[in-house]
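Inspection log for the structure reproduced underneath, given as structure tokens.
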Amino acid sequence: MTTELTTDAATTATKTVKVNPDLDFIREVMAAGGDTLKKCFQCATCSVVCSLTPDERPFPRKEMIWASWGLKDKLISDPDVWLCHQCNDCSVYCPRGAKPGDTLAAVRNYMFKTFTFPSFIGTWLSSPKYLPLVFAVPIILLLIACNMGMIPEAAGHGKLLASQVHFEEFLPHKNLYFVFITATHLAGLFLVIGLVKFWKVLGTSTQTGAGSNPGGPTQGNIGASVVATIKEIITHAQFKKCQESNHRYLGHLGIMYGFLLLAIGTAIEIFMLYALGTKLPLPQLSLPKILGHLGFVALVAGLIIVIARRLSGKENVSKSSYQDWYLLLVLLAVAITGQLVEFVRYSGYAGMAYSVYFVHLVFVFALIGYFPYSKFAHMFYRFVAILHSKYTGRDASVAQAAA
Amino acid sequence: MASKIGVYICVGYGIGEAVNIEELSKVATSEYKVDVCKTVPSCEAEDIEFIKKDIAEQELEKVVIAGPSPRFYQPKTFPPNVIVEYVNLREQVAWCQPSHEEDTQMMANDYLRMGIVKIQKTQPLDPFPESKDINKTVLVVGGGIAGLTAALETAAAGYDSVIVEKAPQLGGWMAKLKKSIPRSAPYEALEDPGIEEKIKQVRQNPKIKVHTSTEIAKIKGAPGMFDVELKGNGAAFRVGAIVQATGWKPYQPKNLNHLGLGNLADVITGVEMEEMAKAGSIKRKSDGKEAKSVVFVQCAGSRDKNHLSYCSSICCLNSLKQAAYVREQDGDAKAYIIYENLRAPGHYEYFYKKMQQDPGVFMTKGEVTGVKQNGGSLAVDVKDTLLGEDISIEADLVVLATGMVPQSADGERIRAIIDARKFLASGEGGPQVDIMKKRIEEFGHHEGTEILNLDYRQGPDMPTLQYGYPDSHFICFPYETRRTGIYAAGAVRAPMDGLGSIEDATGAAFKAIQCLEMLSRGEAVLPRTSDLSYPEFFLQRCTQCKRCTEECPFGTLNEDEKGTPQPNPTRCRRCGICLGACPERIINFKNYSVDMIASMIKAVEVPDEFEEKPRVLILACENDAYPAFDTAGFKRLQYSPFVRIIPVRCLGSVNVIWINEALAKGFDGVMLFGCKYGDDYQCHFIKGSELMNTRGDNVREKLKQMALENERVQLFQVQITDYEKILSLVGEFMETIEQIGMNPFKGM
């Protein structure tokens, strides 16, 4: 009996951990939308009302005290930060106005620059004061890339037929590809490096690592984990459980599928262009055009839902951060300018099409040129974090509960 | 010459239906042959007017009104020269007994008999003679924020006051603070303590006299006539009332070795932290380096049975304030607060919230298990934290938030030592010697702590409760103490902050003034407010047993060398505990006497054994138990018709002779209803019911002599809300009586 007790005591004794709050981290998270995080007094209402948290070591209560104590290492290695879909049930029910939903969103925003090299680009994307710089880069690059001789014509609003508009001549595709392929490939490379770092860091988490909820069907099986993760994302299965702001689920679904349709349409177009040698512009009833228009409708509808809710203040107690607005507005600008290019081209004022085309490309760069550093990267980080938590058995209980 | 007595029987409220009024009137007219006996339809304003007119026309001196409970009437309705007695036929007969029953009628008849006998024995009241000579100056002991406020408030009400302060300057703890916690909306910003302004106002006020660097040598006399003598300057003057605002001292936690106080240079108390902050910057004591990481340990030696058992209520706020100092000094500094429960009462919650918002303030529940030197800094180990694991924090300074200890002196203990020393000096032997030696050893630390130096038989200062705070019923009677005319205010009364002390001192000053005004009219202060009666001592028959001087909860009586009590009506609260204590029955009030209650008991008609109608006497404390019986009636709850209830001033005022009389008369049992006693007593007079309980030995002795069962006399502790419990106790008691049978002394 005595031995047993001793063993018990030895195994249950927790290790003392040195804590050293990172004041700058607190300030940055507060600036990135988590300004209320210090109001938390650890009542755990948030974890109780959350529909998404696992039962064991639930979030977001523990994340709140880590944030208010500036324990950066714990937070950036915590997959739970990404299991949160910011339903804001927690923020609505928080008796102190600490808004855990906003705090976790702010931590997520903070993480892009933490993991993606070079971090100064992340800094550019984190504050509106760098906005001129963010846009100056694509403007300069694209100006260099385009056919200078055509600028007066593009600016001159000359009246042309749609078939007389040759974007290729205004901005040669090889130049365009050079700018975009270089930028996105570099960004992609940095993203992959960042994600690998992120995966490794997730593995160091003592709080939420393997074995929190052992025994799930995906634990230890990377293939099954990937399938389960993709399934969850495609169906928005977790997002759907949100109660207080379920419209966000619909809005997000529209944006995601709209974006996917546009991406697929573009891929097919490129395939037709180079593999099949099809001439531009494509007819309206071609597959890329149909997909593109459908995608445009879904994307803009989703954006309108989300933006309108945020503007009307009905986004419950949540506050929109700069990164939220950057992504939403850049997406909207890409969609609208993209559609405008087509309209203007057919409108008879096609001379203006060059200008709109230019503007559209600047926004496209703002979206995908910086993607590992802006909120755009959330899809990759969230994918990795969900995958990790499925692989380690962290969210097994959620998966089982859902099933 | 017998006074002219009138009896008015109210027939309203269902009384007329419950009992036969004609039969009841016969008790007054035939048995007691009162001068006037009339019925009134109810006891509303017009009926009272009719009675008042009739009193004048008939030239009545004493009037019995049989109707609602005495608690129904407004005080001072009738002219002061008329003695009025109320018989409770409504709540305690008509509303709790069946109508037209013989037993109900007998009950009403008995209550009327008791009422008439009581008024026959009541004499007119005159204010005590000392009331003509009441000094109206207030002595304020202590010149901190509470004392200064008490003096200023007293002066503002137009009364003179004298401040006596031990230290060379006024201001107390407030003058030692760098900043005060927020005292006004929005309760977020630290404030200037503002004590200089108060000191200036006191110094400039012609109604306030100030003695600094002075202590009290002696206070003789009684409220309204305290003669004060000071040490040092030897000043002597007379005051009427005293506000004791002697404040607090910091608790010195011993046996908290794991927190390093005394061993590690950089472990300090909150008081030391304040001194350091006021002097300039917050530094490590060890090497003078600016402190960039400060850990506050809450409840260091508080809410711990090995140290202070209580919460001092300000330590959490003080640490929040000092955390603000740390953060103001350096924007990158960190302040940690480790608490058991962080307490920011009332509006201070806003201050807590404000501090919580500071990115450099870190709070968690937790237990500090150790503080160790770790190179130049300290390592603070904390377990059971909100972070979900045990943590270690690197700190430049550790501040222990220690609690407040009242600057009071335990008068009872000091007196015990004085008496023990006297006894040992007398050279008397016997087993007492060891007891006295033990007492000196146990209470030794109280020696030399006197503050007021009162010339009271029961000790030179106020009796204190277990935590050293002056005893007082803090909910019912704040500021009141067990010494009439002496009021405690500020941190000596209860742990509190500056704002609380200001409020407290204002209340205490008002209490002191109220006391002086009431004394000058010959009236008692709380809880028998405005009572003109006072105990009178027939000293020719005193046997110097000292029971009255020992038992008075308010230290009213001093003794001469022989041990004869020396009455002090201005110290008295009129509870009657002395009357209950006196075996010679020589202490009586004009309207409450041993003979009076005994006669009332004798006036009850006790049926003989064969009628099988037992009788149980209930002596009920008028403050709680009696109103509880009224409430039972109000709720129309029925109980035994065999009980006869007599209200008493306090259960401590019950003289054992009354119980003996009742048993001799043939009552089958006596129920004594008093208030809860012990450390968390509820007795208005501190220990009345407890004293009655100890007198139970005498009662049992008497029962043994009469060969009666112990169960026939029982004491119950109840409170005003216990009306249901009281009735079940009555029911159980009646069953007990049925089991043990009738009192064999009936009809003897």
Inter-chain shielding metric for B:362-373, i.e. average beta-carbon neighbours from other chains within 10 angstrom, reads 2
In Å², rounded to a whole number, the accessible area per residue of the protein assembly as shown with probe 1.4 Å is 42 Å²
Can you give the accessible area of residue A:337, probe radius 1.4 Å, in Å² rounded to 10? 20 Å²
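Relative contact order of chain A: what whole-number percent is it, with Cα pairs under 8 angstrom and at least 6 residues apart?
Numbers: 575 pairs, mean separation 103.5, N = 403.
It comes to 26 percent, rounded to a whole number.
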So which GluC sites (Glu not before Pro) in the range B:506-588 are both in a DSSP loop and have at most 10 other Cβ atoms within 10 Å of their Cβ? B:561
Between residue B:38 and residue B:252, what is the label-to-label distance in nm when each label sits 7 Å out along the Cα-to-Cβ direction? 7.5 nm
Consider a paramagnetic label point 7 Å from the Cα of residue B:529 along Cα→Cβ; state which residues of the range B:61-91 have an amide N under 17 Å from it. B:71-77
Can you compute the FRET efficiency between residue B:54 and residue B:517 using 1/(1 + (r/R0)^6), with r the Cβ-Cβ distance and R0 = 45 Å? Round to the nearest 0.05. 0.85
Distance in Å, no decimals, from the C-alpha centre of the range B:137-212 to the one of the range B:567-628 is 48 Å
For the range A:18-36, residues shielded by at least 50 square angstrom of accessible area compared with the chain on its own, probe 1.4 Å: A:18, A:19, A:21, A:23, A:27
Calculate one ³J(HN,Hα) per residue across the range A:44-56 by plugging θ = phi - 60° into the Karplus curve 6.51 cos²θ - 1.76 cosθ + 1.60, and present them in order as whole Hz with x for glycine and proline. 6, 4, 4, 5, 6, 7, 5, 7, 9, 6, x, 5, 7
Between residue B:286 and residue B:546, what length in nm is gained on full extension when 0.36 nm per residue of separation is reduced by their alpha carbon distance? 87.6 nm
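Restricting the count to DSSP beta bridges whose residues both fall in chain B, what percent are antiparallel, rounded to a multiple of 5? Write out the running numbers ahead of the final one.
Details: 33 of 99 bridges.
Of those bridges, close to 35 percent are antiparallel.
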Please report the accessible area of residue A:305 (heavy atoms, 1.4 Å probe, ligands and nucleic acids excluded) in Å², nearest 10. 60 Å²
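Before rounding to the nearest 500, sum -39500 (n - 2.57) across all DSSP H runs of length at least 4 in chain A and divide by the residue total; then give [θ] at 222 nm in deg cm²/dmol.
Values: 20 runs with 253 residues, N = 403.
Taken over chain A, the calculation gives -20000 deg cm²/dmol.
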Using heavy-atom solvent-accessible surface (probe 1.4 Å) with all chains present, what is the largest-first order of B:467, B:325, B:251? B:467, B:251, B:325
With both partners inside the protein assembly as shown, how many of the DSSP beta bridges are antiparallel, as a percent to the nearest 5? 30 percent
At a probe radius of 1.4 Å, what is the per-residue accessible area of residue B:572, in Å² to the nearest 10? 10 Å²
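Would you please put B:62-75, B:484-497 in order of how densely packed they are, using the mean number of other Cβ atoms within 10 angstrom per residue and starting with the highest?
Details: B:62-75: 19.8, B:484-497: 27.6.
Ranked from most to least packed, the peptides come out as B:484-497, B:62-75.
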Whole-percent carbon and sulfur share, accessible surface of the range B:1-50, 1.4 Å: 53 percent
Heavy-atom accessible area with a 1.4 angstrom probe orders B:596, B:174, most exposed first, as B:174, B:596
Can you list the trypsin sites (Lys or Arg not before Pro) in the range A:279-347 that are in a DSSP coil and have 16 or fewer other beta carbons within 10 angstrom? A:279, A:314
In nm, the gap between the two label points placed 7 Å beyond Cα toward Cβ at residue A:379 and residue A:182 is 2.6 nm
Among B:723-735, B:350-362, A:74-86, B:196-208, what's the highest-first ranking by average C-beta atoms within 10 angstrom per residue? A:74-86, B:350-362, B:723-735, B:196-208
Whole-percent carbon and sulfur share, accessible surface of chain A, 1.4 Å: 68 percent
Low-density loop trypsin sites (Lys or Arg not before Pro), the range B:548-649, at most 12 other Cβ within 10 Å, DSSP non-H/G/I/E/B, are B:562, B:636
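Run the numbers for residue B:635 and residue B:74: contour at 0.36 nm per residue of separation, minus the present Cα-Cα distance, in nm. Walk me through the intermediate numbers first.
Details: separation 561, 0.36 × 561 = 201.96 nm, distance 2.19 nm.
Gain on stretching residue B:635 to residue B:74: 199.8 nm.
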Spin-label pair residue B:237/residue A:127, simplified geometry with 7 Å Cα→Cβ offset, distance in nm: 6.5 nm
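Could you work out the relative contact order of chain B, using alpha carbon pairs under 8 angstrom and six or more residues apart, expressed as a whole percent? Please list the in-between numbers first.
Numbers: 1599 pairs, mean separation 91.3, N = 748.
Across chain B, relative contact order equals 12 percent.
Relative to the present Cα-Cα distance, how much length would full extension add between residue A:56 and residue A:20 at 0.36 nm per residue of separation?
Working: separation 36, 0.36 × 36 = 12.96 nm, distance 2.57 nm.
Full extension from residue A:56 to residue A:20 adds 10.4 nm.
Quantify, in whole percent, the carbon and sulfur part of the accessible surface of the range B:644-683 (1.4 Å probe; protein heavy atoms only).
Details: 370 of 800 Å².
Within the range B:644-683, the accessible surface is 47 percent carbon and sulfur.
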Return the residues of the range B:391-427 for which accessible area with all protein chains present is lower than in the chain on its own by 30 Å² or more; set the probe to 1.4 Å and exclude ligands, DNA and RNA. B:391, B:392
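In peptide A:59-68, how many Cβ atoms from other protein chains are near each Cβ within 10 Å, on average? Mind showing how you got there, number by number?
Numbers: counts 0, 0, 2, 3, 0, 1, 7, 2, 0, 8.
Mean partner shielding for this stretch: 2.
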How many square angstrom of accessible surface are buried between A and B, both sides summed, with a 1.4 Å probe and rounding to 100? 2300 Å²
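What ranking of B:408, A:389 comes out by heavy-atom accessible area, probe 1.4 Å, highest first?
Working: B:408 25, A:389 0 Å².
Ranked list, largest accessible area first: B:408, A:389.
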Round to the nearest 0.05 the FRET efficiency obtained for residue B:602 and residue B:698 when R0 = 25 Å and r is the Cβ-Cβ distance. 0.75
At 27 angstrom or more along the helix axis (alpha-carbon based) and mean Kyte-Doolittle of 0.5 or higher, what helices does chain A contain? Whole DSSP H runs only. A:173-204, A:247-274, A:287-312, A:322-347
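If R0 is 51 Å, what FRET efficiency do you get for residue A:73 and residue B:445 from their C-beta distance, rounded to 0.05?
Details: r = 52 Å, r/R0 = 1.03.
FRET efficiency, residue A:73 to residue B:445: 0.45.
The values are calculated or read from the model by the stated rules, or taken from the named source; none is laboratory data. Just so it is clear, the model here is predicted, and its values are computed rather than measured. Note that we place each Cβ from the backbone using ideal geometry, even for glycine, and neighbour counts take in every protein chain shown. Remember, those area values only see protein heavy atoms, side chains included, never the ligands or the DNA or RNA. Shrake-Rupley method; radii C 1.70, N 1.55, O 1.52, S 1.80 Å.
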